[in-house]
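Colleague: Handing you a structure now.
The values are calculated or read from the model by the stated rules, or taken from the named source; none is laboratory data. Remember, predicted model here, so these are calculated numbers, not experimental data. Here the Cβ is made from the backbone with ideal geometry for all residues, glycine too, and neighbour counts use every protein chain on show. Heavy atoms of the whole protein, side chains included, go into the accessibility calculation; ligands, DNA and RNA do not. Shrake-Rupley method; radii C 1.70, N 1.55, O 1.52, S 1.80 Å.
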Amino acid sequence: MTSPEIPSVPARDLPAEFDRPRPDRAILLDVREDDEWELGHAPGAIHIPMVDVPARLDELDFDAELYVVCRQGGRSLEVARYLAHVGVEVTNVSGGMVAWQQAGRPLTAEGDRQAKIY
């Protein structure tokens, strides 16, 4: 999903630093639910479920480039709109984690399970 008022980037075009833990100059904010996160996520992502974002804004570094991702792009677009409304520069990840996996980008999961999005 995209919106004319919110910048958007396809998952395949995200900075390569999200392919590894602890990115240097950018934040990939994953707003999916806990069960979705546990199945698989980008190695360098920060997880804050969509409903928790307003209460947890202090966990984000607004001096870094901020990208928001969900499963397919709808929830992340809503979070990006909210963040833009409160004055944060933000980019939505179109296609979400489904597009991330389709692009062959690395995934990690909790425990011993194989990471997957779909």
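Colleague: Just to confirm the number: angle between the C-alpha axis of helix 74-85 and the first principal axis of the chain, 0 to 90 degrees, nearest 10?
Modeller: The helix 74-85 is inclined about 30 degrees to the chain.
Colleague: Sticking with this structure for a sec: Tell me what the chain gives for mean residue ellipticity at 222 nm when only DSSP H runs of n ≥ 4 count, each as -39,500 (n - 2.57), the sum divided by the residue total, rounded to 500 deg cm²/dmol.
Modeller: When only DSSP H runs of four or more count, the value is -6000 deg cm²/dmol.
Colleague: For region 3-71, which GluC sites (Glu not before Pro) are in a loop by DSSP, counting at most 16 other Cβ atoms within 10 Å?
Modeller: E5, E33
Colleague: Mind running the shape call on region 43-84? Use the C-alpha gyration tensor, a ≥ b ≥ c as the square roots of the eigenvalues: rounded below 1.5 for a/c, prolate if a/b tops b/c, oblate otherwise.
Modeller: rounded
Colleague: So what does D34 come to for accessible area, using a 1.4 Å probe and Å² rounded to 10?
Modeller: Looks like 80 Å² after rounding.
Colleague: Given Cα pairs under 8 Å that are at least 6 residues apart, what percent is the relative contact order of the chain?
Modeller: This gives 35 percent for the chain.
Colleague: Only Cα pairs under 8 Å and at least 6 apart count here; give the relative contact order of region 61-114 as a rounded whole percent.
Modeller: Contact order relative to length: 36 percent.
Colleague: Related question: Run the accessible area of the chain with a 1.4 Å probe and give the carbon-and-sulfur part as a rounded percent. Before the final figure, lay out the partial values.
Modeller: On the way: 2850 of 6220 Å².
Answer for the chain is 46 percent, counting heavy atoms of protein chains only.
Colleague: Compute, for the chain, the length of the dipole vector about the Cα centre, with Cβ point charges of +1 (Lys, Arg) and -1 (Asp, Glu) only. Units Debye, rounded to 20. Intermediate results must be reported in sequence, preceding the final value.
Modeller: Values: 12 positive and 21 negative charges, 89 e Å.
That gives a dipole near 420 debye.
Colleague: Would you work out if region 1-62 is rounded, prolate or oblate? Take a ≥ b ≥ c from the square roots of the eigenvalues of the alpha-carbon gyration tensor; rounded if a/c is under 1.5, else prolate when a/b is larger than b/c, oblate otherwise.
Modeller: On the way: a/c = 1.27, a/b = 1.06, b/c = 1.19.
Note, shape of region 1-62 comes out rounded.
Colleague: In whole angstrom, note down how far apart the Cα centers of region 9-34 and region 89-118 are.
Modeller: Distance between centres, Cα-based: 9 Å.
Colleague: Determine the per residue accessible area of region 21-118 with all protein chains present and a 1.4 angstrom probe, expressed in square angstrom.
Modeller: Solvent-accessible surface per residue comes out at 51 Å².
Colleague: Two decimals is fine: what's Rg over Rh for the chain, C-alpha atoms, Kirkwood radius as Rh?
Modeller: With Rh from the inverse mean 1/r over Cα pairs, Rg/Rh is 0.93.
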